[in-house]
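The values are calculated or read from the model by the stated rules, or taken from the named source; none is laboratory data. No experiment lies behind these values; they were computed from the predicted model shown. For neighbour counting, all protein chains shown are included, and Cβ atoms are generated from backbone atoms with ideal geometry for every residue, glycine included. Quick note on the areas: whole protein, heavy atoms, side chains included, nothing else; ligands and nucleic acids left out. Shrake-Rupley method; radii C 1.70, N 1.55, O 1.52, S 1.80 Å.
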Amino acid sequence: MGKIHEECGVFGIMTPQPENLAHLTYCGLFALQHRGQEGAGITVNDDGVFTTHKDLGLVDHVFPPQVLSGFPNGTMAVGHTRYGTTGGNQRRNCQPMEVNHQKGKMALVHNGNLSNAGRLRSVLEQRGAIFHTTSDTEIIAYLITQARLQTDSIEDAVRLAVPQLEGAFSLIVMSAQKLIAVRDPHGFRPLCIGRRQNGGFVLASESCALNAVGAAFLRDVEPGEMIVLTPDGEMLSDRRYAGTSPKRICIFEYIYFARPDSVLDGVSVHTARKKAGALLAQSHPADADVVIGVPDSGLDAALGFAEASGIPYGIGLIKNKYIGRTFIAPSQSERDSGVQLKLSPIRETVEGKRIVLIDDSIVRGTTSRRIVTLLRNAGAAEIHMRISSPPFLHPCYYGTDIDSEENLIACHHTVEEIAEIIGADSLGFLPAASLPHLADSDGICTACFTGDYPTAVENDESKDRFERKIHG
Ligand code: SF4
């Protein structure tokens, strides 16, 4: 594992008159590609008739023009980009998850992981449920369809099902008539809503996807809120379905996952990253000639470090924008060659210089070691690595692949030892106490850094989770 991966991006759209929503959903998913690169899917709703296409691969691979043109026009659509780890990267786990039930149809997209998935699955299996995927999303779909049998509307079914879920879920549910957005009571994963000029609505994991389809940002879906969009253009909000829980948005969304042009819960990701860099300059200053960032997510923090320290900002590493995900996931040898293909040093910036090198995180240390080696080979005199997050010390149960502690370098080595392993002259991490300043809030999850989990974590189930790599 070189980098931490987000599990998913979700997108939904509703429009007053039928139009080519497959194309708009494609544009939205393209903007959310960074949240999941291993699978994508779209379901278009044409007057209650659902058309779905989903497969493994990047959005533009899954949806070439001949596939996109095969979708009918519709008044609603949902889409999904997915990241799946070993064992979870299967075609059948791709979303949207389409379900036919006694009272109609439903398509569901989900970002996050349930922390009680193992218990729910086993209870439901004991009651006779048969699951076809290893995804948490199927558990949610099952609970909603079961609840639908007892209720008069899809929103009542969602209201009945969702309180059984624990952990992280930003969901979009599409029925024949309605589009429903739900964010878990802690709001681990972002979800926002936008308005189109024609009166239609757009739902998306990040505001950058609203921009991509020309929708204006309306507001975030609040933690614990359910929003129902109706064919009459109404937007109904229910903030009471889940009771009250403290907000805990994932701080790593700001540090790494989200796109810098997104605004999550009122906080600009770009600004949060710059702030992390500035705080890092205060807590871990360095004598150096130039500050450079590891593209892409280290760049904003590098700018913040440079501004706060007065050390000039430089472009020292270039990312090959055309490299595919092939080099990121499958095997160690492919990952080894991937760093050289992905990043290239600019000798003019680094040769003979004392460098502050900013990256967003260190997981195993292998990627950092390769980057430091690249810069040394390009003539860097000193490399002072600064990390815009604290060390990872604990697994994440809320929708990312921060894995068991045995794979986290900071669980086994001191900062000085890590500096030696990666070949840096010095190393400094953002202090955990600085994290609330990034989002201007205490309402953040910091569990993978601090061990302070906002929900109960079922240990056996969680262990099982990491063995089976279930992801939604
Ligand atoms: Fe985010 Fe870490 Fe919390 Fe997971 S444990 S939700 S990655 S802050």
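See the values below:
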quantity: Three-way shape call for region 269-440 based on the alpha-carbon gyration tensor, with the a/c threshold at 1.5; calculated: rounded
quantity: Nearest-10 value in Å² for the accessible area of residue 416, using the 1.4 Å probe; calculated: 130 Å²
quantity: Three-way shape label, region 9-248, alpha-carbon gyration tensor, a/c 1.5; calculated: rounded
quantity: Heavy atoms of residue 210 accessible to a 1.4 Å probe, total area in Å² rounded to 10; calculated: 0 Å²
quantity: Full-extension gain in nm, residue 129 to residue 377, via 0.36 nm per residue minus C-alpha separation; calculated: 83.5 nm
quantity: GluC sites (Glu not before Pro) within region 184-292, DSSP loop, no more than 15 other Cβ atoms inside 10 Å; calculated: 234
quantity: Acute angle (nearest 10 degrees) that the helix 21-31 long axis makes with the longest principal axis of the chain, alpha-carbon atoms; calculated: 20 degrees
quantity: Mean-position separation - Cα centroids, region 390-457 and region 13-76, in angstrom; calculated: 36 Å
quantity: Heavy-atom accessible surface of region 9-248: percent carbon and sulfur, 1.4 Å; calculated: 49 percent
quantity: Members of 54/342; 275/353; 54/275 lying beyond 31 Å, as alpha-carbon distances in this model show; calculated: 54/275
quantity: Degrees, to the nearest 10: 366-377 long Cα axis against longest axis of the chain; calculated: 40 degrees
quantity: Using alpha-carbon coordinates, inclination of helix 117-126 to the longest axis of the chain, degrees; calculated: 30 degrees
quantity: Longest segment of the chain lacking chymotrypsin sites (Phe, Trp or Tyr not before Pro) that sit in a DSSP loop with at most 13 other Cβ atoms within 10 Å; calculated: 132-321
quantity: Average accessible surface area per residue within the chain, 1.4 Å rolling probe, Å²; calculated: 38 Å²
quantity: Formal net charge of residues neighbouring residue 94 (Cβ-Cβ distance under 10 Å; K, R +1; D, E -1); calculated: +2
